[in-house]
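As structure tokens, the structure follows; a few thoughts come after it.
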Amino acid sequence: MLPFSGITFYLLFLVVVVALYALKGVAKNRISLASTLLGISLAYTLFYYPRPLQIMVFLAYQSLFTWLLLFKWKRLHKLIGSLLLALPMILIKFDWNVQDIGFAGVSYITFRCVQVYLDGELLRDKFNFRDFVSFLLFTPSLLAGPIDRYERFRSDTEQGWSRLNGKALLAGWEFIAIGLLHKFVLGTAVQRYWLSLLDPASTAVGDMAANMYAYSIYLYCDFAGYSFLAIGLGRMMGVELPANFDRPWLTQNPQEFWRRWHISLGDWLRDYFFRPIYKSLSSIPKLRNWPLFKQNTALFSTFLLMGLWNGLEVHYVASGALFGVYSAVFNTYQYHSRKHQKDIWGRTPQWLATWASRFIMFQLACFALYIFSGRFPYIP
């Protein structure tokens, strides 16, 4: 039973939330909220989540190597340590004859472990095994994020039972209502009455455009809906998960788009991939006076990694590379605009420039997502 996949999950966690609030007065002086949340996550993972044995073995592996890297192997190169933590995900994602050991959500748990490791200097004194396991297995975000940060999650749980109040309950319900609307009303309608009726193999321009827009809108409704549901349930359980979508179709450029689409992944890639690559390139003496080249190389590499993370299929890699090209081109445009104090829109009225930029970015994003979908007939 995957999170938010059916009525059984909602009924189960309705009971869980009611029990949490009912026990608040009795349990708050006997057991911490952090321990209670860990118990809930472990129980759900063991008894309801698909492939519980695999996820427990994976958890043991990640916990062991995270502890070793934080406290015993401090001098190991960060890249090698990150690869050790990412190794199971890489083997599973790239289908190296180990699919039977995989499970849904492996990527998001891996990202959380890598974050804890790379921020080790800041987190080592605050590391707590109970909170670490609860952070990795927290049910609302277990399957597909949002990708939380350990220190932020721990800050919430340390506040204890006071996090469970009427305000949190109301905020959680609002997010869940929005999530249900996106995922099960709008998303289902787009999939059933539009996307499923289209021929993905057609090369007619009209059919390709219809596939492009239908898939992009469906993906947004489905994924944003899931994220809203995760945030809502998290709020009800006392944890304020980070936002993941914020009106991405109103953005004017690739940079802004990734600040509003899958925000937690974009932030993670920026902090733990883009910045280290840029820093590494900056350490090369010959590139010291080439800031634009360094920025664009780091940007393209980051989005290429995002494509590879989804799989080695051509459409995933091509989609990531295309987003990388978008970002590098826009970064170059920004660089030269600042340098020459000249903008492409010139004296165009601000309202027209804004809406034209939004229109262009919408087309570019939809096209890249169309390639990502595997429905683009010219890419296998």
Once Thr188 and Leu122 are pulled to full extension, the length gained, defined as 0.36 nm per residue separation minus their Cα-Cα distance, is 19.4 nm
The computed P(r) of segment 50-124 puts the percent of Cα pairs beyond 14 Å at 59 percent
Ranked by GNM mean-square fluctuation in the chain (Cα springs under 10 Å), the top entry among Trp268, Trp73, Trp173 is Trp73
Taking only C-alpha positions in segment 71-226, Rg and Dmax in angstrom work out to 20.5, 60
Quick calc, Val18 & Leu197: beta-carbon distance into FRET formula, R0 56 Å, rounding 0.05, result 0.85
Here Rg/Rh (Cα, Kirkwood) for segment 249-373 equals 1.00
In units of 2.2 N^0.38 Å, the Cα radius of gyration of the chain is 1.06
Once both label points are put 7 Å beyond Cα along the C-beta direction, the Trp249-Ser162 separation in nm becomes 4.2 nm
Using eta = 0.692 mPa s and T = 37 °C, Stokes-Einstein with Kirkwood Rh from Cα pairs puts D for segment 170-268, in µm² s⁻¹, at 225 µm²/s
Hits for the chain under the membrane-span-like helix rule (DSSP H, Cα axial span at least 30 Å, Kyte-Doolittle mean at least 1.6) are none
At R0 = 30 Å the Cβ-Cβ FRET efficiency linking Leu76 and Gln341, nearest 0.05, sits at 0.05
Given 5-14, 29-38, the highest-first ranking by average Cβ count within 10 Å works out to 29-38, 5-14
Sorted on mean Cβ neighbours within 10 Å (highest first), peptides 297-308, 339-350, 43-54 come out as 297-308, 43-54, 339-350
Here the alpha-carbon Rg of segment 7-163 over 2.2 N^0.38 Å rounds to 1.09
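Rule-based calculations on the coordinates, nothing more; no lab input. Bear in mind the structure is a predicted one, so any value in this text is a computation, not a measurement. Don't worry about glycine lacking a Cβ; one is built from the backbone with ideal geometry, like all the others, and counts go over all protein chains shown.
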